[in-house]
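What follows is a short report on a single structure.
The values are calculated or read from the model by the stated rules, or taken from the named source; none is laboratory data. What you see is a predicted model, and the numbers here were worked out from it, not measured in a lab. Here the Cβ positions follow ideal geometry from the backbone for every residue, glycine too, while neighbour counts run over all protein chains shown. Surface accessibility is based on the protein's heavy atoms, side chains included, excluding ligands, DNA and RNA. Shrake-Rupley method; radii C 1.70, N 1.55, O 1.52, S 1.80 Å.
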Amino acid sequence: QAGSEEPPATHDYLCEAAPGRVLTARASDPAEELELAARWCRSHLAEDPGRRLLVIVPDLSQRRGDAVRLFEQALAPQLALSGDDEETDCVVAEGGEPLAGYPLVQHGLTALSFLTGTLELTKLSAWLRASFWRMPQPPERAELDAWLREVLTLDVTPAALQAVLQAAPSRFGAAAAALRRALGEAARALGSPGEGVRTREWAQRFERSLEALGWPGARPLSSAEQQTNVRFEEILADLAALGGQLGPLAAPQALRMLEALAARTSFAPESRDAAVTLTGALVDPIVLYDGIWVAGLQADAWPPPPAVNPFIPLPVQIRAGIPGVTAAGSLAGARELLDRWRRSAPQLIASWPASVEDRECLPSPLLAELTGIEAWAPDERSPTLARRIRAMRRVESFADDAGAPWPDGSPLPSGTRALDYQSRCPFRSYAELRLSSTPLQTPRPGVDPRERGRLVHRALEHLWRELGGSEGLQRASGGLERLIDECVARAARESFSPPSSPSAAALQRRERRRITRLLLDLTALESGRAPFRVSALELTRSLTLAGARLDVRIDRIDELEDGARVILDYKTGKPVPLEWLADRLSEPQLLAYLLAEGGNACALAAVHLSSEGIAYRGLSDRPHRLPRLPALCEEESAAAAWQDQIRRWQTLLERLAGDFLAGSAAVDPAESACRICHLHTFCRIGEIRAAGAGAARAEGLEPRDD
């Protein structure tokens with residue numbers, strides 16, 4: 001037939017039902033288009049739960065999960081609000097998705113991947129928080145996860161995790177022991193990952209290892225999860241069946257084959273008859289529905305472009321009469337399909353998005369050819385889940401700017417951070433330091449910033465104990481680089497954890513070289529200073545503010561020729577502006593150091609050591625105390641003005657400490673404080689600012705937008 005001149009004879013079937021009513025709907029974007037379709041379905045089912053509806057979404061394969069979730073929320077919001085995980089009979093999506101994409105299978109494959117090698121800390125964290133565990137319980141695993149983020153490296157092996165769990169603090173005792181025991185049993189069930197055995201043996205070992213870990217968990221599985229579990233067992237059997245064709249394999253090779261089988265296997269759990277069917281197939285629905293919604297009918301997508309098979313000559317495809325291989329054929333097919341959709345339901349909704357990824361879209365010109373077309377308006381009586389939740393809310397305003405007072409006799413937490421946060425925003429200070437609302441540690445490649453900070457501090461402590469001051473710096477100028485390298489090496493042994501891999505060891509060596517270069521640059525800057533003597537290193541002091549004790553550790557104190565003292569604090573991050581002369585202090589750490597030393601200092605400076613350069617940031621009583629450090633005033637009035645400023649700083653710090661002790665927690669952020677805060681959801685700063693802007697406009701204090 002492909003080589004014949006005439007196309008093959010086919011039976012031209014056309015539904016004999018009368019054409020239904022056609023309506024059009026315009027959405028702002030594809031997401032709103034799905035939302036409108038879900039609301040349309042909800043309106044129909046509210047009138048008659050027995051109706052059967054078809055929603056055609058051309059790109060359903062890319063948006064399957066989001067689409068099903070949105071329709072379930074729209075059609076059964078009571079289940080979403082109750083937290084019921086059981087699937088509903090309201091919506092079903094045709095076709096399937098790779099078995100590897102289902103959470104139950106993902107968890108099992110991740111467990112096997114970890115047991116046979118290493119796992120990134122982010123994946124390990126998600127694996128620990130999943131629901132497919134028998135022990136420990138979810139709250140215990142969540143607490144373990146938060147702690148493990150602080151102590152594990154970026155890549156984790158089973159042996160490393162077991163070693164860390166064995167040394168876990170007592171508060172994790174039972175949970176850490178249960179997890180360590182499960183990992184040990186799973187490792188024994190798996191055997192040596194490098195051992196060469198046939199896939200039948202590996203399939204059995206994989207199954208026993210997952211069982212030892214408690215997979216698929218203690219909670220009852222839903223019907224869809226049970227079907228997914230059965231299908232996963234089937235592909236384990238498929239892996240075992242490959243043993244006759246393949247020789248002995250190591251565990252990682254067998255696991256890659258299992259992962260490939262799971263990725264290639266398309267699976268969709270069976271479901272009962274659903275009221276709404278989602279499909280991505282642009283074909284004749286064959287059966288009759290009570291309503292059909294077709295999405296994605298914008299001009300650049302409908303009619304679809306010609307679909308040519310690249311492996312068959314185009315003239316042959318045209319002579320064979322293959323539909324859609326020419327523009328004319330595609331246009332004719334699109335017209336015919338629109339007619340069949342119209343005859344398959346009493347109501348057809350044709351929709352399109354106004355924009356897709358910042359690209360403006362127009363409706364397909366084929367829609368204008370349909371007679372009796374109308375615009376569809378959503379039924380406001382059928383709200384989405386978000387609208388339903390907002391409608392149910394009952395808002396009561398209550399100003400609560402103060403929490404519980406700080407216990408008497410207890411030192412302020414986190415050193416000077418309590419003062420810093422209290423100045424930036426009282427709410428953040430209370431939330432982080434009183435309620436422990438801190439973000440989880442985010443694993444990052446490279447050296448941990450905390451280890452880097454310890455390395456810099458220890459190396460500089462060793463260096464200045466050797467040099468003693470500017471005289472020692474001048475004497476050691478010839479062998480300074482060697483001395484710095486020795487100090488950095490000694491500090492690295494004290495600060496770094498033992499490297500867990502050759503790559504980790506290389507990272508530490510590279511960090512040592514980087515710190516050595518930074519310290520060379522710092523000593524070059526310090527050699528240009530006026531003569532000084534290092535009088536104290538890593539000095540601990542206690543300061544009383546508003547009746548509360550504050551414990552501090554001062555990195556370094558220098559004594560100048562005239563007996564004046566300079567307080568220095570090392571920083572490894574980027575320099576930040578210091579607002580010490582404003583009514584609202586920023587970075588008050590050095591000010592607290594000054595008061596802890598009894599006010600006996602003529603200059604305060606943060607020494608920033610970063611890849612952007614070495615710099616002093618701070619303030620001195622008069623010029624030329626430190627290179628490029630600003631002075632409070634000219635030399636004639638320096639002493640009196642400096643003492644007045646110290647008294648003012650003490651008053652401000654006393655006020656901050658008093659506010660913290662009293663439990664002040666007002667949402668009152670300083671300028672730019674919200675940029676580095678993670679508590680926006682809790683403090684509702686957006687709502688507060690919107691309400692303040694609305695009140696200002698109402699009073700005529702700000703120009704109206706209109």
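General observations
- Sole exception among (1) under 34 Å from the mean Cα position of the chain (by Cα); (2) at pLDDT below 85 for A639, by number: (1)
- Residues located in segment 536-545, provided they are open to solvent by 60 Å² or more (accessible area, probe 1.4 Å) and in contact (Cβ under 8 Å) with a residue 12 or more places away in the chain: T540, R541, S542
- Test result for L440, farther than 30 Å from L119 by Cα and touching a residue at least 24 places away in the same chain (Cβ under 8 Å): no
- Filtered residues of segment 608-645 (kept if part of a helix (DSSP H, G or I) and aromatic (F, W, Y)): W642
- Of the residues in segment 127-135, at least one is in contact with an Asp or Glu (Cβ under 8 Å, 6 or more places away or on another chain), open to solvent by less than 40 Å² (accessible area, probe 1.4 Å) and at pLDDT 90 or above.
- Search result, residues across segment 342-375 that are crowded, with 18+ Cβ neighbours inside 10 Å, in a loop (DSSP other than H, G, I, E, B) and either modelled with pLDDT under 90 or not hydroxyl-bearing (S, T, Y) (or both): A345, C361
- So R533, is it within 30 Å of R622 (Cα to Cα) and open to solvent by 10 Å² or more (accessible area, probe 1.4 Å): yes
- Condition check for R675: open to solvent by 30 Å² or more (accessible area, probe 1.4 Å) and of a type in the set (K, R): yes
- Residue within segment 304-319 that is modelled with pLDDT of 85 or more and closer than 24 Å to L23 by Cβ present: yes
- Hey, R655 more than 33 Å from the chain's Cα centre (by Cα), modelled with pLDDT of 85 or more and either closer than 21 Å to I557 by Cα or assigned to a loop (DSSP other than H, G, I, E, B) (or both) or not: no
- Flag for V488 being closer than 30 Å to T416 by Cβ and either within 40 Å of the chain's Cα centre (by Cα) or surrounded by fewer than 18 Cβ atoms within 10 Å (Cβ to Cβ) (or both): yes
- Exactly one residue out of A175, A187 is among the hydrophobic types (A, V, I, L, M, F, W, C), on the phi < 0 side of the Ramachandran plot and open to solvent by 40 Å² or more (accessible area, probe 1.4 Å): that is A187.
- Number of positions in segment 266-285 that are in a loop (DSSP other than H, G, I, E, B), touching a Ser or Thr at 6+ places or on another chain (Cβ under 8 Å), farther than 16 Å from D59 by Cβ and at pLDDT 85 or above: 2
- Yes/no for A548 being more than 22 Å from W464 (Cβ to Cβ), open to solvent by less than 10 Å² (accessible area, probe 1.4 Å) and modelled with pLDDT of 85 or more: yes
- Only a single criterion out of (1) closer than 23 Å to L99 by Cα; (2) in contact with a helix residue (DSSP H, G or I) (Cβ under 7 Å, 6 or more places away or on another chain); (3) in a loop (DSSP other than H, G, I, E, B) is not satisfied by A262, namely (3).
- Failed item, numbered, when R434 is tested on (1) touching a Gly at 6+ places or on another chain (Cβ under 8 Å); (2) within 30 Å of F532 (Cα to Cα): (2)
- Filtering segment 128-170 to residues that are free of Cβ contacts under 8 Å to residues at least 12 places away in the same chain and in a helix (DSSP H, G or I) leaves P138, P139, A159, A163, S170.
- Some residue of segment 215-237 being touching a strand residue (DSSP E or B) at 6+ places or on another chain (Cβ under 6 Å) and within 30 Å of A505 (Cβ to Cβ): no
- When each of A320, A307, A332, A263 is tested for being open to solvent by 50 Å² or more (accessible area, probe 1.4 Å), more than 45 Å from the chain's Cα centre (by Cα), more than 18 Å from T24 (Cα to Cα) and not polar (S, T, N, Q), the lone residue that passes is A332.
- Filter result for R428 (crowded, with 17+ Cβ neighbours inside 10 Å and under 24 Å from the mean Cα position of the chain (by Cα)): yes
- Top-ranked residue in segment 555-586 [being among the basic types (K, R) and under 31 Å from the mean Cα position of the chain (by Cα); ranked as least open to solvent (accessible area, probe 1.4 Å)]: K571
- Scanning segment 511-547 for residues that are within 37 Å of the chain's Cα centre (by Cα) and among the basic types (K, R) yields R512, R513, R514, R517.
- Selection count, segment 542-577, where residues are touching a Lys or Arg at 6+ places or on another chain (Cβ under 6 Å) and within 24 Å of L652 (Cβ to Cβ): 5
- For beta carbons closer than 6 Å, sequence separation of 6+ or different chains, a first residue in segment 508-528 that is within 17 Å of G453 (Cα to Cα) and without any contact (Cβ under 8 Å) to a residue 12 or more places away in the chain and a second that is of a type in the set (D, E, K, R) and open to solvent by 80 Å² or more (accessible area, probe 1.4 Å), there are no qualifying pairs.
- Considering residues of segment 96-123 that are part of a helix (DSSP H, G or I) and among the hydroxyl-bearing types (S, T, Y) only, the residue farthest from R134 (Cα to Cα): T122
Yes/no matrix, rows are residues, columns are (1) in contact with a Pro (Cβ under 6 Å, 6 or more places away or on another chain); (2) part of a loop (DSSP other than H, G, I, E, B); (3) touching a residue at least 12 places away in the same chain (Cβ under 8 Å); (4) surrounded by fewer than 14 Cβ atoms within 10 Å (Cβ to Cβ):
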| site | (1), (2), (3), (4) |
| --- | --- |
| S436 | no, yes, no, yes |
| G446 | no, yes, yes, yes |
| R450 | no, no, no, yes |
| L460 | no, no, yes, no |
| L473 | no, no, yes, no |
| S477 | no, yes, yes, yes |
| E481 | no, no, yes, no |
| I484 | no, no, yes, no |
| R493 | no, no, no, yes |
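- Only one of the numbered conditions (1) at pLDDT below 85; (2) part of a helix (DSSP H, G or I); (3) open to solvent by 40 Å² or more (accessible area, probe 1.4 Å); (4) aliphatic (A, V, I, L, M) is violated by A31, and that is (1).
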